[in-house]
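The values are calculated or read from the model by the stated rules, or taken from the named source; none is laboratory data. The structure displayed is predicted, hence computed values, not measured ones. Note that each Cβ is placed from the backbone with ideal geometry, even for glycine, and that neighbours are counted across all protein chains shown. Quick note on the areas: whole protein, heavy atoms, side chains included, nothing else; ligands and nucleic acids left out. Shrake-Rupley method; radii C 1.70, N 1.55, O 1.52, S 1.80 Å.
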Amino acid sequence: MKILFYSAKTYDKKSFDPELENFPGIEIDYIDHELEPITAPLAKGYDAVCAFVSADVGAATLEIFKECGVKYVLMRCAGFNNVDTEKAKELGITVKRVPGYSPESVAELAMGLALAVNRRLYKAYNKVRENDYTLKGLRGVNFYEKTAGIIGTGKIGAAMARICRGFGMRVIAYDVYQNPALKDFVEYVTLDELLAKSDLISLHCPLMDSTYHMINLESIKKMKDGVILVNTSRGGLIDTKELIEGIRLNKFLGVGLDVYEEETGNVYQDLSDEIMAHSVTARLLAFPNVMITSHQGFYTKEALSAIAQTTLQNLKDAEAGIRNENDVA
Ligand code: NAD
């Protein structure tokens, strides 16, 4: 079976190639191009394609795959908001993902962002490098005995809840389902209560119609003054323009974002010589209490090898007609 692997990076090859030994009969061709309708015809002659968070797996792409004989779309990530699952089902194309590779990899980055914006580590690092040993602008708050509000307590949210408990925080959560594994130390509350009571709010629910722009000016106004907001889930959970308004209202001690609405054209590209046109991201970056990373939550050695292993197993399962929790279409 042959996989065409879109937007391949060196680290992808390094994690997938060693795993191939355990999956005889599977071959991978790696290409740099991002998956979108214009690059979809390259998949002619392949059984499967492998795609990532910024791919366009919409109806147009899937129609082309159907014509090319591609049977399987292997998402090497957890989120699948960029996949038209209804269209895939209609066309009989199986789409699988990697729902839980290493929740700690994302949760640890979420706490890293929370700490970095709280203690302004990005500023402190640069100040000391420039021989400036003053503390101006660096004052933070203790997390110990503060309240962490976790929105979405699935695999990653649960890992984040455990980390927050380790910091001596009180942990409250909002989810449409309660996670029984957390019952000993997490109190479930309404979303409004979570917004009003939390000193640190961390988003860990998927992007869906019901969660799109769940953080907007109205919800920001319900938050405590001096709250820290972290998003390592999906950019669309936050209305960026309204977040900027909230930052201007001095609502936040800090905002840490591993994902943001305009990321699609940016992620994993070196655009350092380009001028950012019409960008709300540029406006966000101008604030001293905002730190943005480029969708690197999944980027640990352990997570990458788990992603490779599950993606290849997904292809083997798909070919054997095995359906499981990894299927999204
Ligand atoms: P999960 O499916 O285990 O958990 C998601 C949780 O969100 C579930 O408990 C679900 O009930 C809850 N939820 C659903 N709708 C909700 C709503 N309206 N309000 C509140 N909660 C709701 O998923 P996970 O593995 O924990 O991943 C969470 C998200 O993290 C993914 O959807 C993905 O977008 C993101 N992610 C980001 C990175 C990264 O590199 N930054 C990596 C992996 C995943």
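Numbers at a glance
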| read-out | value |
| --- | --- |
| Within region 6-96, strands (runs of 3 or more DSSP E) holding 2 or more residues that are surrounded by fewer than 22 Cβ atoms within 10 Å (Cβ to Cβ) | 27-30 |
| Scan of region 282-308 for residues that are surrounded by 17 or more Cβ atoms within 10 Å (Cβ to Cβ) and away from the ligand (no atom under 16 Å from the Cβ), ordered by number | LEU284, ASN289, VAL290 |
| Any pair with Cβ under 7 angstrom, 6 or more apart, that starts in region 139-157 at a residue that is over 30 Å from GLY79 (Cα atoms) and ends at one that is at pLDDT 95 or above and among the small types (Gly, Ala, Ser) | TYR144/GLY168; GLU145/GLY168 |
| Candidate set from region 97-108 (those that are out of contact with any Ser or Thr (no Cβ under 6 Å at 6 or more places or on another chain) and not in a loop (DSSP other than H, G, I, E, B)); member that is least open to solvent (accessible area, probe 1.4 Å) | ALA107 |
| Residue check for ALA318: crowded, with 19+ Cβ neighbours inside 10 Å and within 16 Å of the ligand (Cβ to nearest atom) | no |
| Residues of region 79-99 classified as under 30 Å from PHE252 (Cβ atoms) and in contact with a helix residue (DSSP H, G or I) (Cβ under 8 Å, 6 or more places away or on another chain), total | 1 |
| Residue within region 294-309 that is in contact (Cβ under 8 Å) with a residue 24 or more places away in the chain and more than 23 Å from VAL267 (Cα to Cα) present | yes |
| Enumeration of residues in region 288-329 that are part of a helix (DSSP H, G or I) and either among the hydroxyl-bearing types (Ser, Thr, Tyr) or more than 20 Å from the chain's Cα centre (by Cα) (or both) | SER305, THR310, THR311, LEU312, GLN313, ASN314, LEU315, LYS316, ASP317, ALA318, GLU319 |
